[in-house]
1. How far is the Cα center of the range 31-57 from the Cα center of the range 156-202, in Å?
2. If you compute Cα extents along the principal axes in Å for the structure shown, which of [x] 78, 46, 26; [y] 53, 44, 36; [z] 50, 48, 37 do you land on?
3. Would you list 224, 202 from fewest to most Cβ contacts within 10 Å?
4. Give me the percent of DSSP beta bridges within the chain that run antiparallel, rounded to the nearest 5.
5. Could you tell me which of rounded, prolate or oblate describes the range 133-263, using a ≥ b ≥ c as the square roots of the eigenvalues of the alpha-carbon gyration tensor, with rounded for a/c under 1.5 and, failing that, prolate when a/b is larger than b/c and oblate otherwise?
6. Hey, what number do you get for the chain at 222 nm if only DSSP H runs of n ≥ 4 count, each worth -39500 (n - 2.57), divided across all residues, to the nearest 500?
7. Hey, fewest Cβ within 10 Å first, where do 265, 140 land in order?
8. If a/c stays under 1.5 just call it rounded; otherwise compare a/b with b/c (prolate if a/b is bigger, oblate if not). Do that for the range 185-251, with a ≥ b ≥ c from the square roots of the Cα gyration tensor eigenvalues.
């Protein structure tokens, strides 16, 4: 992510907070988080990914295995732990209910939890491990902090492995790079192909229009969506697994789309879905 795009994202978040004062605290938190994580990205830009054979990567895709292994991520213990603690501080400051909750107390514990979170996201049997996904149930402060701190590292990895594979052949509901679940989606192209965006590494990949990426059901009686008044956004819900997904229809907009901003400015959709018992 170049400096110009970072500045555009920060400016857009600040403007959104002014336009919607009721949610200004949420926008302020995401702005501060983005600054911290963006700085972490800058610090690891010079790191090199151990070369992996392109044929091997493509073979992993065909087998349904995520491309990025935890051992390939350049996690330096002290630097990563500091990032985890900084994120935890921001989250705690914004939410009094988090005060007093524990986070990993030393760099080794931070790395151990990071390894666990990545492994949970890369479980081969997705449905058997559905309860381990980041959207399932309430996360602890430690999990939230580690998940956020992992993002710049996983995005770094995604930028280095994706150019070497043909992700169009990946037809699964979890991320081809890190195994994370989708946190947003968009419809693009003349036919309105649905693309999922990873909640962890921000990778994009195509996925069928009728089907839940979380549980895999294609039973149309269990699937539905709600349209925003301007028909730009859709809220997909699945009655089978009680999950939801926010979707932007790029065919309906002629403005620049910044997905980190879209995820935040659609927080009203999150609130509406959760009030109805979706996660």
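1. 17
2. Only one option fits the structure, namely [z].
3. Numbers: 224 11, 202 23.
Ascending Cβ contact count within 10 Å gives the list 224, 202.
4. Details: 21 of 24 bridges.
The antiparallel proportion sits near 90 percent.
5. On the way: a/c = 1.43, a/b = 1.19, b/c = 1.20.
Taking the square roots of the gyration eigenvalues as a ≥ b ≥ c, the range 133-263 is rounded.
6. On the way: 8 runs with 117 residues, N = 279.
Using -39500 (n - 2.57) per qualifying helix, the result is -13500 deg cm²/dmol.
7. Values: 265 22, 140 13.
In order of increasing Cβ crowding within 10 Å: 140, 265.
8. Working: a/c = 1.56, a/b = 1.17, b/c = 1.33.
Oblate, because a/c is 1.5 or more while a/b does not exceed b/c.
No value in this document is a laboratory result; all are computed from the given coordinates. None of these values were measured; they are calculated from a predicted model. Reconstructed Cβ throughout: ideal geometry from the backbone, glycine too, with neighbour counts over all protein chains shown.
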